[in-house]
1. Hey, what's the chain come to in accessible area per residue, 1.4 Å probe, Å²?
2. Quick check: net charge around S62, other residues with Cβ under 10 Å of its Cβ, Lys/Arg +1 and Asp/Glu -1?
3. Summarise the accessible area of the chain (1.4 Å probe, protein heavy atoms) by the percent that is carbon and sulfur.
4. Assigning unit charges at the beta carbon (Lys, Arg +1; Asp, Glu -1) and nothing else, what dipole magnitude in debye, to the nearest 20, does the range 1-92 show about its Cα centre?
5. Please give the contour-minus-distance gain from L98 to W12: 0.36 nm per residue of separation, less the Cα-Cα distance, rounded to one decimal in nm.
6. Looking at the chain, send over the antiparallel percent of its DSSP beta bridges, to the nearest 5.
7. Apply the Karplus parameterisation 6.51 cos²θ - 1.76 cosθ + 1.60, with θ equal to phi minus 60°, to every residue of the range 6-19 and state each ³J(HN,Hα) to the nearest whole Hz, in sequence, with x for glycine and proline.
8. May I ask you to derive the relative contact order of the chain, considering only C-alpha pairs under 8 Å and at least 6 residues apart, and to give it as an integer percent?
Amino acid sequence: MIDLSKLAGFEWDKGNIDKNYIKHGITPNEAEEVFLDDGVAIERDIKHQEMEKRYIAIGKISSDKTLFIIFTSRKSKIRIISARLANKKERRVYEENLKKDS
């Protein structure tokens with residue numbers, strides 16, 4: 001699994017930085033905030049890793065939104081590929097993860 005403590009900051013592709021807001025209403029700051037959530041659930045994205053390892057993160061932000069993030073790591077940076085509101089099933093996964101950690 002990925003060790004977030006070894007990553008220092010974010011790297012945004014010019015094509016993705018505005019895409020998530022236009023498509024899903026999620027700002028870059030909101031997407032980055034997910035990684036500050038102590039209860040963030042992270043797992044490998046086995047289905048979508050053609051050329052690089054991809055990960056899924058589900059976490060809450062200060063506005064109480066639960067977000068679903070697809071990301072990869074490049075050197076020591078997190079590169080967010082996609083960010084959107086989590087659906088009902090994904091929110092349930094997040095809540096179950098919190099219960100396990102309690």
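The values are calculated or read from the model by the stated rules, or taken from the named source; none is laboratory data. Everything numeric here is computed off the predicted structure, so don't read it as measured data. In this analysis, Cβ positions are derived from the backbone assuming ideal geometry, glycine residues included, and neighbour counts consider all displayed protein chains. Note: areas computed on protein heavy atoms with side chains; ligands, DNA, RNA excluded. Shrake-Rupley method; radii C 1.70, N 1.55, O 1.52, S 1.80 Å.
1. 65
2. -2
3. Here it works out to 50 percent.
4. 320
5. Result for the pair: 28.1 nm of gain on full extension.
6. Here the antiparallel bridges make up roughly 90 percent for the chain.
7. 8, 9, 10, x, 10, 10, 10, 6, 4, x, 9, 4, 9, 4
8. For the chain, the relative contact order is 28 percent.
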